[in-house]
Structure formats: structure tokens, C-alpha cells
Amino acid sequence: MSKAEAPIKERITVNLTPKAAQALEALTKSTGDTKTDAINRALQVYDFLDKIIRDGGRVYVQEPGSDVQERVRFL
């Protein structure tokens with residue numbers, strides 16, 4: 001991909017809550033991703049899950065060691 005074809009990047013400023021900042025810090029430590037990469041990936045996952053739910057689908061999670069599946073709901 002040439003520079004002329006490179007996707008346009010958008011720079012934004014985000015004010016994170018203390019809980020979100022802690023989650024971002026924990027995620028970057030566990031994955032080795034940069035904060036930018038972690039935020040980009042989180043937004044892509046959120047968009048993917050939101051589309052499934054908007055289209056009438058459901059998302060479930062299952063904790064390790066459990067047979068119980070719980071439905072994920074976003075507020």
C-alpha cells in the first residue's frame with residue numbers, strides 16, 4: 001500500500017474514568033499492546049458485538065470451569 005493509499009488516521013483525546021484507565025493499564029501489561037492498539041481493538045470488538053445485538057442476535061460468555069453461559073447485555 002502506497003502512502004497515497006494509506007488510510008487516514010484520526011487523532012482524538014479521550015478522558016478515561018479511573019476504572020477505564022485501570023482496565024487499559026492492565027490490558028496493555030497483559031497483552032503487550034500499546035494503549036492506541038488496545039483502544040482500537042476494543043472499539044472494533046464493541047462495534048462487532050453491537051452489530052450482532054442490533055441485528056437480533058445474542059452474545060454469551062462462559063467463565064472458565066463453568067457450564068453456565070450468561071447473556072451479555074450492553075447498557
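Read-outs throughout are calculated quantities, based only on the coordinates presented, and are distinct from any laboratory measurement. If you're wondering where the values come from, they're calculated on a predicted model, not measured in any experiment. Note that we place each Cβ from the backbone using ideal geometry, even for glycine, and neighbour counts take in every protein chain shown.
What are the aspartates and glutamates whose alpha-carbon lies under 20 Å from the alpha-carbon of Lys29, with same-chain residues fewer than 8 places away excluded? Output for Lys29: Asp37.
Exposure proxy ranking for Leu43, Leu49, based on other Cβ atoms within 10 angstrom of each Cβ and starting from the fewest, stands as Leu43, Leu49. Taking the C-alpha atoms only, the angle from helix 18-31 to the longest principal axis of the chain is near 80 degrees. Helix 35-54 and the long axis of the chain differ in direction by around 50°, with both axes built from C-alpha atoms.
Our coupling estimate for the range 64-71, obtained by passing each phi through the Karplus curve with A = 6.51, B = -1.76, C = 1.60 and θ = phi - 60°, is x, x, 10, 9, 8, 9, 10, 6 Hz, Gly and Pro reported as x.
The calculated FRET efficiency for Gln69 paired with Asp37, based on their beta-carbon distance and R0 = 30 Å, is about 0.55. The calculated 222 nm mean residue ellipticity attributable to helices in the chain amounts to -15000 deg cm²/dmol, summing -39500 (n - 2.57) over DSSP H runs of n ≥ 4 and dividing by all residues.
Rg/Rh for the range 15-71 (Cα atoms only, Rh after Kirkwood) is 1.06.
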